[in-house]
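Please read the structure below before turning to the comments.
Please treat every number below as a calculation from the coordinates, not as lab data. Treat the numbers as computed from the prediction; the structure is a model and nothing was measured. Note that each Cβ is placed from the backbone with ideal geometry, even for glycine, and that neighbours are counted across all protein chains shown.
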Amino acid sequence: MIQYQKVTGIQPAQFVCGRGHRKSPEQRRYQKLEEYKNRLKAYANHIQICGDHRNSYSKTDHDATFMRIKCDYMGNDQLLPAYNLQAAICDEYIATVDVKPYASDMECFVPLMEKFNATYGHYPKYPVADAGYGSYNNCLYCKEHGMEKYMKFTMFEKETKDDKYHNDPYRAVNFQMDEDGNLICPNGKKFIFKYSKPVKGNKYGRTEEIYECENCEGCPHKSECCKRASGNRTIRMNQELTSIHHEVINNLESIHGALLCINRSIQAEGAFGIIKWDRSYKRLFRRGKEAVILELTLISCGFNLYKYHNKKHREALVA
């Protein structure tokens, strides 16, 4: 703006406005530039408040993010400012609570475990969670801190219950390997390694290996194996991720894993059920992350006292 004034020699104090006055071209350009400058400042302020991991925030609560909230028993939802509440349940008691402004559960697992470790001085041995937490990053985080992998991944149900999908011979993970470690398709053709590329946004340096079939021309399985109209089939694989999925499946299909999953369904879902439906606590009354954590901590203390009283009462009746 100052440079524009120097170049044109205009003075903002001499600007005219109102009926009967005609603005000069220099004044119009100056005011348009000033409008753009104020708009850029507003955009920069929005970006600073929102941060790198969110795409929205509430004007009345800058820590909250707009999420799809189920409002009734029919599943009808509304776009409302909300927090993602996380709770670690141990022996039916709420051990740790945390709130994050992320709609995805994957980004909330590591902060919750770090808070658990800061509170109790160790990490849980068997962190059982649903498929919303079973990402590559979270599995490697568990491995780094001595935790067993008992979190379902996205395609866990299809992998374990859909035999047609699991035994599909045209899936890359089901391809055979020759003596040199090359993938062999059902037609006996080799898949040649082309290159590897890093996965965007992965802090553990995860990469994907790109393979291409040596020749798909005239293949009798092309209509089922390769959906491309022309050219050879290409596949993307990550051997480490595939091995992690196999380990998770083996853990969860064991007797110990089945018992842990049943226990999680009873305790974790039961805790939220008691708080939300039995106690009718379905919305937050405070604004701001710190105030929300305080509110949830008080609610958790009340829930733990309720559980403790019920156990003591049952023990007295049995005695």
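Quick notes
- Phi angles of region 173-188 translate, via the Karplus equation with coefficients 6.51, -1.76, 1.60 and θ = phi - 60°, into HN-Hα couplings of 5, 9, 5, 6, 10, 8, 5, 8, x, 7, 6, 10, 7, x, 8, x Hz per residue; Gly and Pro are given as x.
- Put a plus charge on the Cβ of each Lys and Arg, a minus charge on the Cβ of each Asp and Glu, and nothing anywhere else: the dipole of region 164-243 about its Cα centre is then about 500 debye.
- Membrane-span-like helices in the chain, defined purely by DSSP H runs whose alpha carbon atoms cover 18 Å or more axially and whose average Kyte-Doolittle hydropathy reaches 0.5, are 255-273.
- Integer Hz, Karplus 6.51/-1.76/1.60 couplings in order for region 86-101, x for Gly and Pro: 10, 9, 9, 9, 10, 6, 6, 9, 7, 8, 8, 10, 8, 10, 9, x
- Whole-Hz Karplus values for region 279-286 come out as 9, 6, 9, 10, 8, 7, 10, 10 Hz, taken residue by residue from phi with 6.51 cos²θ - 1.76 cosθ + 1.60 and θ = phi - 60°; glycine and proline positions read x.
- Computed per residue of the chain from DSSP H runs no shorter than four, each worth -39500 (n - 2.57), the mean residue ellipticity at 222 nm is -13000 deg cm²/dmol.
- Label-point gap, in nm, between residue 24 and residue 44 - each point 7 angstrom along Cα→Cβ: 2.9
- Mean Cβ count within 10 Å, highest first, over the residues of peptides 271-284, 29-42, 236-249: 236-249, 271-284, 29-42
- Going from the fewest other Cβ atoms within 10 Å to the most, the residues 113, 67 appear in the order 67, 113.
- Amide proton proximity set for residue 65, modelled H, under 5 Å, gap of 5+: 82
- Mean projected area in nm² (Cα convex hull; one quarter of hull surface) for region 225-276: 6.9
- Restricting the trypsin sites (Lys or Arg not before Pro) of region 69-135 to loop positions (DSSP other than H, G, I, E, B) with no more than 12 neighbouring Cβ atoms within 10 Å leaves 125.
- P(r) of the chain over all Cα-Cα pairs, binned every 10 Å from zero, in whole percent: 5, 17, 21, 19, 15, 11, 8, 4, 1, 0
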